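Following: one structure in structure tokens, then a few remarks.
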Amino acid sequence: MLQFETAWVTSVGNQVSLFVTCMVDQLFPKVGMAMATVLERLGYRVDFPEEQTCCGQPAFNSGYRDEARIVARHFLKTFEASEKVVVPSGSCTAMVTHHFADLFQKEPQTLERIHALEKKVYEFATFLTDVAGVEDVGASMQDVVTFHDGCHALRELGIKSAPRRLLARVRGLELREMLPAEECCGFGGTFSVKFAELSGAMMRTKIDAILQTGANTVVSLDPSCLMQIQGGLSRAGSSIRTMHLAEVLASR
């Protein structure tokens with residue numbers, strides 16, 4: 001029988017809402033289901049507000065602030081009453097916790113509500129380590145993996161050790177660091193469309209670093225990064241797969 005950390009008991013009865021993001025909803029539904037599986041194993045009651053749409057990041061990054069405000073207002077309305085909101089994406093978490101406030105500087109009442117919301121929104125890995133207080137979630141997976149640091153998670157949210165501590169407690173898993181792990185994969189949302197050649201060059205550098213580790217799987221916190229990397233690996237003829245951290249932690 002698996003031995004779980006005592007923090008599992010203290011989390012029982014807590015309610016969390018999932019914001020699964022556009023990328024997960026449309027392309028990686030298994031990530032959302034894996035995240036729910038892990039949280040429920042920890043004793044959390046998980047809900048999925050069906051009114052949720054986007055965080056507004058694509059519009060915001062492209063300079064369409066009015067359109068981004070419309071989406072941000074809807075996000076606020078949808079999740080404002082939630083106890084905690086857990087997100088399987090560093091970039092979408094950063095959008096809500098760092099950039100929603102940029103959109104409402106001229107609306108003091110809305111800004112006050114945004115600041116209250118920011119305190120309840122967590123990226124998945126840091127929710128586990130900082131809120132649930134666990135590193136061992138009872139996962140097991142026989143594999144050699146390498147970890148990719150997404151830019152928003154690392155540079156805007158300061159997430160570095162949390163996912164590695166979680167991976168270190170997965171039974172049967174070996175983590176091999178790529179050099180450099182912190183270099184961008186080249187996706188960057190609309191950046192990969194507007195600057196395709198530069199994005200492709202950055203991706204190829206990342207693929208070379210992955211191949212040098214000898215890992216079978218690339219793990220990250222951002223589905224968008226994984227999509228970029230998986231495309232590069234496939235074009236390179238590699239059989240290396242990509243997985244979100246939640247999928248690894250849901251494995252038994």
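The values are calculated or read from the model by the stated rules, or taken from the named source; none is laboratory data. Fair warning: this is a prediction, and the values are worked out from it, not measured in the lab. All Cβ positions, glycine included, derive from the backbone under ideal geometry; neighbour counts span all protein chains shown. These accessible areas exclude ligands, DNA and RNA; they are computed on the full protein's heavy atoms, side chains included. Shrake-Rupley method; radii C 1.70, N 1.55, O 1.52, S 1.80 Å.
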Checklist entry - Looking at the square roots a ≥ b ≥ c of the eigenvalues of the Cα gyration tensor of the range 65-167, which shape do they give, rounded for a/c under 1.5, prolate if a/b is larger than b/c, or oblate? => result prolate
Checklist entry - Given the protein chains as shown and a 1.4 Å probe, how many square angstrom of CYS92 are accessible, to the nearest 10? => result 20 Å²
Next on the checklist: Skipping prolines and chain starts, which residues have an amide H placed within reach, meaning under 5 Å, of the one on LEU175, given they are 5 or more residues away or on another chain?
Outcome noted: VAL145
Next on the checklist: For the chain, what does the relative contact order come out to in percent, with C-alpha contacts under 8 Å and a separation of six or more?
Outcome noted: 21 percent
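Considering only the other residues whose Cβ falls under 12 Å of the Cβ of THR213, what net charge follows from Lys and Arg at +1 and Asp and Glu at -1?
Details: positive: ARG176, LYS206; negative: GLU174, GLU177, ASP208.
Result for the neighbourhood of THR213: -1.
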Next on the checklist: At 1.4 Å probe size, with the rest of the protein present, what percent of the exposed accessible area of the chain is carbon and sulfur atoms?
Outcome noted: 54 percent
Checklist outcome for this item: The alpha-carbon center of the range 22-66 and that of the range 102-169 are separated, in whole Å, by 13 Å
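Quick one: how many lysine pairs in the range 7-159 have C-alpha atoms under 19 angstrom apart, if they're 8 or more apart or on different chains? Numbers along the way, then the final one.
Working: LYS77/LYS106; LYS77/LYS119; LYS77/LYS120; LYS84/LYS119; LYS84/LYS120.
The result is 5.
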Next on the checklist: Give me the extension gain from ASP130 to ARG169: residue separation times 0.36 nm, minus the current Cα-Cα distance, reported in nm with one decimal.
Outcome noted: 12.5 nm
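Counting pairs of alpha carbon atoms under 8 Å apart in space and at least six apart in sequence, what relative contact order in percent does the range 132-171 give? Walk me through the intermediate numbers first.
Values: 24 pairs, mean separation 26.7, N = 40.
Averaging sequence separation for qualifying contacts and normalising by length gives 67 percent for the range 132-171.
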Item to check | Solvent-accessible heavy-atom area per residue, rounded to whole Å², over the range 17-65 at 1.4 Å | outcome: 50 Å²
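Please list SER91, SER140 in order of solvent-accessible area, largest first, computed with a 1.4 Å probe with all protein chains present.
Numbers: SER91 15, SER140 40 Å².
Ranking SER91, SER140 by accessible area, largest first, yields SER140, SER91.
Given Cα pairs under 8 Å that are at least 6 residues apart, what percent is the relative contact order of the range 62-169?
Details: 87 pairs, mean separation 32.5, N = 108.
Relative contact order of the range 62-169: 30 percent.
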Checklist outcome for this item: The answer for THR242, listing residues at least 5 apart or on another chain whose modeled amide H is closer than 5 Å to its amide H, is VAL218
